[in-house]
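To start, the structure under review is shown below, and the notes come after it.
The values are calculated or read from the model by the stated rules, or taken from the named source; none is laboratory data. Treat the numbers as computed from the prediction; the structure is a model and nothing was measured. Please note: Cβ atoms are built from the backbone with ideal geometry, for glycine as well, and neighbour counts cover all protein chains shown. Surface accessibility is based on the protein's heavy atoms, side chains included, excluding ligands, DNA and RNA. Shrake-Rupley method; radii C 1.70, N 1.55, O 1.52, S 1.80 Å.
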Amino acid sequence: MNATTFAARKLFGTDGIRGIAGEAPLDPTTIFAVGLALAHSLRHRSDNPAVILGRDTRESSSGIAATLAAGLRSAGVRVESAGIVPTPAVAFLARTHGFQAGVVISASHNPWRDNGIKLFGPDGFKLPDSDELAMEDEIVYHAAQSATRSIADDQTSQTPVEDNAGFQADYIQFLIDCLPGLKLGKLRIVADCANGAAAAVAPELFRRINAEGSAAITLLNISPNGRNINDGCGALHPAHVAAEVKARGADLGLSFDGDADRCMMAGAANNVLNGDAILLAVARDLKNRGLLTGDLVVATTMSNMGLEAALKRSGIRMLRAPVGDRYVLEQMLEHDAALGGEQSGHILLPHLATTGDGLLTALVVLDLINRAGKSIDELTADLKVFPQVIVNIKVREKRPLLSIPTIADAIRAAEDDLKDSGRVVIRYSGTEALARVMIEAESEDSMRCHSTAIADAIRHELGI
């Protein structure tokens, strides 16, 4: 999806609705309207629809969940809650427990002040863009009505939905069942739970898969206080777990983000391993076992050229999708691919799950390490990463970038100079007010020169 499309959208980005909690579009009136619009959509398909809710650890998540549930209930939808669980847990529960939709209250890797609303269908997949866009006009309409506003502000309609701990237990069992017979051996593992949703699940999950007690597992950042989610920790700050791996003499580090749908890793050599490295290791393993359909992997425009080269050496093709795990999945379904993912750590394994799952990714890699008898460093040793820089620029609006002459000129200059020796990817974030400049090149000097020129042009024309 391009920047022009994002600019035209009122509420939904690449991963649901996102913003600062308490401010539009995450004010009580709009949140209630989201619940109401979703309820109306579901009632067209079912006489007695039910929705499963899940949330992360932000201090605003419980209130948003209660308000959205009030909107759903006002239109006759039954609402149940799994409590604090990873985003993929809600996808799993919607698919396996007969719910017509799943809703996650989370802003993923964003700071604690932000929050968001993610929607899943009864099949466990994120709602397609067309469904979300169809809901937008109704959400905006209801949010503008004074009657809806008075209902949303009526605290008696916002009785919290009681959490059912059984849902969390079902999700943990699902993860364990995905890798039957998983053995950790004597691995020394450090896992950073980002003070997010993984903190509610990881302790019990790792206790159970390490029932023999042979592995040494250290869990970090498992004490959320509502404001410390992603704060200098987790998948957004993978150097933290890399340093802990080195300090503790561990074999492997795992970093989850706030809603635990992505996983980054670190090896014993104090190196951060992102989603590209994970894709390489898992792709080769699937190919060796005859499970990589079409010898194909779907990555994104942000994936490093080094990944493409390493996969090619192993006889594996790589397709690039737009950034966003939903777009990776679209390409995977179109080409019947068994593996896809993003550099950010979203890894998609459709034979196991319908969406990215950081904890599942961790278990898959742990199983691979055990069967291969090699460390994660050894499994990814030949991944030679091209110099790459990503610059984020805060913007006040999202105008089509190529329609602005100074920005278009800077982009064309970079493309003409780099040709086949690099890549230029400029896009708007689908979840934040940011423009992202990614330059990849054989020459680090060229990379930095062009990234600076393009970023300066965007900052001058659109910056805050």
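Quick rundown of the values:
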read-out: Shape category assigned to segment 258-385 from the gyration tensor of Cα positions, a/c cut at 1.5; value: rounded
read-out: Inter-label distance for Ala247 and Ala216, nm, one decimal - labels placed 7 Å from Cα along Cα-to-Cβ; value: 1.5
read-out: Shape call, segment 162-292: gyration tensor on alpha carbons, a/c limit 1.5; value: rounded
read-out: Neighbour net charge for Gln173 - beta-carbon separation under 11 angstrom, K R +1, D E -1; value: -2
read-out: Pairwise label distance in nanometres, Arg371 with Val140, each label 7 Å out on the Cα-Cβ vector; value: 5.0
read-out: Per residue accessible area of segment 322-464, 1.4 Å probe, in Å²; value: 43
read-out: Segment 279-401, accessible surface, carbon-and-sulfur percent (1.4 angstrom probe); value: 52
read-out: Gain upon complete extension [Val389, Arg208; 0.36 nm per residue less C-alpha separation]; value: 61.2 nm
read-out: Potential lengthening between Gln173 and Glu397 on full extension [0.36 nm per residue; Cα-Cα distance subtracted]; value: 76.2 nm
read-out: Sequence of Tyr141, Tyr428 when ordered by accessible area, the most exposed leading, probe 1.4 angstrom; value: Tyr141, Tyr428
read-out: Ranked packing of 57-64, 120-127, 307-314, most packed first, by mean Cβ within 10 Å; value: 57-64, 120-127, 307-314
read-out: Rounded to the nearest 10 Å², the accessible area of Cys449 at probe 1.4 Å; value: 80
read-out: Taking the convex hull of Cα positions in segment 345-454, its mean projected area over all directions (nm²); value: 9.5
read-out: Solvent exposure of segment 253-317 as accessible area per residue, Å², 1.4 Å probe; value: 29
read-out: Entries in Lys118/Lys287; Lys118/Lys312; Lys10/Lys126; Lys126/Lys186; Lys312/Lys419; Lys287/Lys374 that, when Cα-Cα distance is taken, lie over 28 Å; value: Lys118/Lys287; Lys118/Lys312; Lys126/Lys186
read-out: Answer label, with Rg/Rh (Cα atoms, Kirkwood Rh) calculated from the coordinates and candidates (i) 1.57; (ii) 1.06; (iii) 0.97; value: (iii)
read-out: Peptide ranges 22-28, 130-136, 102-108, 298-304 listed from the most packed, as the mean C-beta count within 10 angstrom indicates; value: 102-108, 298-304, 22-28, 130-136
read-out: Solvent-accessible area of Lys394 with every protein chain in place, 1.4 Å probe, in Å² to the nearest 10; value: 140
read-out: Segment Ser421-Asn288, length gained on full extension (0.36 nm per residue, minus Cα span); value: 44.8 nm
read-out: Two-site FRET efficiency, Ala24 against Arg45, from Cβ-Cβ distance with R₀ of 25 Å, rounded to 0.05; value: 0.30
read-out: Rounded if a/c under 1.5, otherwise prolate or oblate - segment 200-276, Cα gyration tensor axes; value: oblate
read-out: Spin-label pair Glu444/Glu162, simplified geometry with 7 Å Cα→Cβ offset, distance in nm; value: 6.0
